[in-house]
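In what follows, a single structure is set out as structure tokens and then discussed.
The values are calculated or read from the model by the stated rules, or taken from the named source; none is laboratory data. Note that the structure is predicted; figures quoted are calculated from it, not measured. Positions of Cβ are backbone-derived with ideal geometry, glycine not excepted, and every protein chain shown enters the neighbour counts.
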2 protein chains.
Amino acid sequence: MHHPVEIVEVAPRDGFQSIAAPIPTKAKIEIIEGLIDAGLRRLEIGSFVSPRAVPQMADMPDIARHFRSDSRARLSVLVPNAKGAEMAMTHGLREIVYVFSVSEAHNQNNVRQSVQQSIDGLANVVSAISNEPDFRLRVDLATAFDCPFDGAVPFDAVRAAIERVTDLAPACEIALCDTTGRATPFAVQERMRAVQRLAVPPSCTWAFHGHDTYGMGVANAFAAYQAGIGVLDVAAAGLGGCPFAPGATGNTATEDLVYAFLNSGISTGIDLVSLLLVADRIAAIPDAKVASHLRNVPRAAMQERMRQP
Amino acid sequence: MHHPVEIVEVAPRDGFQSIAAPIPTKAKIEIIEGLIDAGLRRLEIGSFVSPRAVPQMADMPDIARHFRSDSRARLSVLVPNAKGAEMAMTHGLREIVYVFSVSEAHNQNNVRQSVQQSIDGLANVVSAISNEPDFRLRVDLATAFDCPFDGAVPFDAVRAAIERVTDLAPACEIALCDTTGRATPFAVQERMRAVQRLAVPPSCTWAFHGHDTYGMGVANAFAAYQAGIGVLDVAAAGLGGCPFAPGATGNTATEDLVYAFLNSGISTGIDLVSLLLVADRIAAIPDAKVASHLRNVPRAAMQERMRQP
């Protein structure tokens, strides 16, 4: 009856970039190690971006080197262009994420490009990885529901973006991102069902990326799952947010979503006790803005719950 | 496609009783008035209980008197026994709520009675209201998913409780209450579907009462709605909790759930801007423990969202 779920941890990328003060490379690596040890099997571990533009990611080569021969989990990095994709390949990564926004206004604010320029950039990225066997591409469609500048994003705009993406990359995972956290579970369910009805190549798959700013985090992920989506993005401790989406204070907390799947008959493979210890460590990073429910529950009360059949 | 939703506001009962310091009667009345003005059409406005046991409800007669001829909304009160039911009728109420727990341990801690004693008490309440035409009874089944003392509550225990209730009161609304907030959306959806398959009198109807302690508040209410349940309990500002359920810090916030239904095609009839002003007032009550997402979002960002079609 239930389809499998893949929890994608984005705190080391979407989360760490939201913290202005530098995080020691050693701490980043230990946190990623802790997340893998807790059972996470897909993680975005950072970005190959210009250190001038995003100084928080300047140590990306060192982190990539540490995890180079690690086969425990699927590790990906965000890349803004073909150069980033080359860097990812050079450093032994087998999976990259490319982001652009469905809405012009947010794309301009987020990556200083028009949507068309971003699609041209995607073509260059696809070209850069085209000779690399078994290399995975994910495309994150930011503002796939709602834009902080333009408001509601029409489904036609999402469909048009998906058509452009699948023309260039028939075998990619496309994530619809609720960048602002303003989408409701009804909207998520409807839109995630709608994209699955589109005529896309059979090797194109789907994901949902949500935020908990409006308290819809778990509800929206559950709605996406109910709509048939198995790949769900979260960030341990609820770390994250988008600097160009006012009020978007945090990704949905990994621990909250993992809790939602407890005793559901659907295995996440993640140990909640271990995960919470890593989430505590993330929350202790200076200037970290976190938003988790489970971390605020007395641990004893929760562990009793986790022992239940 | 969608069935209607009835949002039931319980802050003046489940919420106010959680605040130790006395709240002036005038403030309580103004808050209830504010909630009705915001569009709430069902509210639990307090309890007819012993002022010695629950001093916070000692002004219940004054509050009942104020709203005696108010026909704008369905107003109910919680009663622990037949005497409370008589008080409610004397004061012009047309609707009462009777609570007991499915689990023995929580019922003993909450109302100092065995489940059997509580069911006998329900028989007395039913008898007290039996000659009153068009008088409504709701039965809240506390710990219908999980007990703070006994852990997971088996469905057989819930079914047995429902059978006892419907034997005594064929025409009542039965609320399954996630008292601890530990239920997950999968569990809520499964159990709310299961109760609707039980052989109960056709005049028996269903409701869901949830808490947001574990971050499942909106997700669980959405899951209940998806399972066909139209009556959902919430408390403005997320005020509430159960003194005998450790870690149960707050009801699901009315504003968060109302937000979830925005633009869904399902009308709650509630104006979010007005509701948030009342939630702000509730949050300002000394010692109020609140838990709302929407109240933490910059109001300007949210109002932009609320203007969307």
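Here A:ILE282 passes the criteria (1) at pLDDT 95 or above; (2) farther than 30 Å from A:ASN107 by Cβ; (3) among the β-branched types (Val, Ile, Thr); (4) part of a helix (DSSP H, G or I) except the one numbered (2). With the requirement that a residue be buried (at least 19 other Cβ atoms within 10 Å of the Cβ) and not in a helix (DSSP H, G or I), what does region B:96-128 give you? Across region B:96-128, the qualifying residues are B:ILE96, B:VAL97, B:TYR98, B:VAL99, B:PHE100, B:SER101, B:VAL102, B:SER103. Output the residues belonging to region A:1-48 that are of a type in the set (A, V, I, L, M, F, W, C), in a helix (DSSP H, G or I) and farther than 15 Å from A:ARG68 by Cα. The answer is A:ALA11, A:PHE16, A:ALA27, A:ILE31, A:LEU35. Filtered by the rule that a residue be touching a Ser or Thr at 6+ places or on another chain (Cβ under 8 Å), of a type in the set (Ser, Thr, Tyr) and in a helix (DSSP H, G or I), region B:252-275 gives a lone residue, B:TYR259.
Inside region B:11-37, residues that are under 19 Å from B:VAL273 (Cα atoms), β-branched (Val, Ile, Thr) and in contact with a helix residue (DSSP H, G or I) (Cβ under 9 Å, 6 or more places away or on another chain) make up a count of 2.
Here's the yes/no breakdown for (1) within 14 Å of chain A (Cβ to nearest Cβ); (2) within 19 Å of B:GLN108 (Cβ to Cβ); (3) assigned to a loop (DSSP other than H, G, I, E, B):
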residue	(1), (2), (3)
B:ALA157	no, yes, no
B:GLU163	no, no, no
B:ASP167	no, no, no
B:LEU176	no, no, no
B:THR179	yes, yes, yes
B:GLU190	yes, no, no
B:ARG193	yes, no, no
B:LEU198	no, no, yes
B:PRO202	no, no, yes
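Is it the case, given these coordinates, that A:ALA183 is surrounded by fewer than 24 Cβ atoms within 10 Å (Cβ to Cβ), under 30 Å from A:ALA283 (Cβ atoms) and in contact with a helix residue (DSSP H, G or I) (Cβ under 9 Å, 6 or more places away or on another chain)? Here the answer is no, as A:ALA183 does not meet what is asked.
Okay, residues lined up against (1) buried (at least 24 other Cβ atoms within 10 Å of the Cβ); (2) in contact with a helix residue (DSSP H, G or I) (Cβ under 6 Å, 6 or more places away or on another chain); (3) not aliphatic (A, V, I, L, M):
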position	(1), (2), (3)
A:GLU163	no, no, yes
A:GLU173	no, no, yes
A:THR179	yes, no, yes
A:VAL188	yes, yes, no
A:VAL195	no, no, no
A:VAL200	no, yes, no
A:SER203	no, no, yes
A:GLY215	yes, yes, yes
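Applying the set (1) modelled with pLDDT under 90; (2) more than 22 Å from B:ILE45 (Cβ to Cβ); (3) of a type in the set (Gly, Ala, Ser) to B:ALA291 leaves exactly one unmet item: (2). Annotation: of all residues in region A:74-95 being surrounded by 17 or more Cβ atoms within 10 Å (Cβ to Cβ) and among the small types (Gly, Ala, Ser), the one that is nearest to A:PHE48 (Cα to Cα) is A:GLY84.
With B:ALA161, B:ALA175, B:ALA171 as the choices, which residue is out of contact with any Asp or Glu (no Cβ under 6 Å at 6 or more places or on another chain), touching a residue at least 40 places away in the same chain (Cβ under 8 Å) and of a type in the set (A, V, I, L, M, F, W, C)? Checking each option against the conditions leaves just B:ALA161.
Residue under question is B:HIS66, and the condition is that it be more than 18 Å from B:LEU137 (Cβ to Cβ) and either at pLDDT 95 or above or among the small types (Gly, Ala, Ser) (or both); does it hold? Against the criterion (more than 18 Å from B:LEU137 (Cβ to Cβ) and either at pLDDT 95 or above or among the small types (Gly, Ala, Ser) (or both)), B:HIS66 qualifies. Against the test of being at the interface with chain B (Cβ under 8 Å from one of its Cβ atoms) and modelled with pLDDT of 95 or more, the options A:ALA235, A:ALA223, A:ALA227 yield a single qualifying residue, A:ALA223.
The set of residues in region A:100-133 being out of contact with any Pro (no Cβ under 8 Å at 6 or more places or on another chain) and of a type in the set (Val, Ile, Thr) consists of A:VAL102, A:VAL115, A:ILE119, A:VAL125, A:VAL126, A:ILE129.
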